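Participant: Here's a structure for you.
What follows is calculated from the coordinates using simple rules that are stated; it is not laboratory data. Just so it is clear, the structure is predicted and the values come from calculations on it, not from any experiment. Positions of Cβ are generated from backbone atoms using ideal geometry, with glycine treated the same way; all protein chains shown enter the neighbour counts.
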């Protein structure tokens, strides 16, 4: 049931890819769960709902640099 005037959450563009990895490629549910955590905690906050073809190499480089900052090394999304 949907309610009028209530914004429904949009599916992130990578959600379909995660479903593909599980159903077609055969990734284990635990692996998909890890990927989902990375998507939810690291990728979605930075890239939002931007389509993949709208993410350029500079944005990816900024993401990688941010992950390499002191204090983030050794931290994994599955233990955060």
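Participant: Put a dot 7 Å past each Cα toward the Cβ at residue 44 and residue 15; how far apart are the dots in nm?
Facilitator: Computed distance between label sites residue 15 and residue 44 equals 0.8 nm.
Participant: With a point put 7 Å past each Cα toward its Cβ, work out how far residue 63 is from residue 31 in nm, to one decimal.
Facilitator: Placing both labels 7 Å beyond Cα along the Cβ direction yields 1.9 nm.
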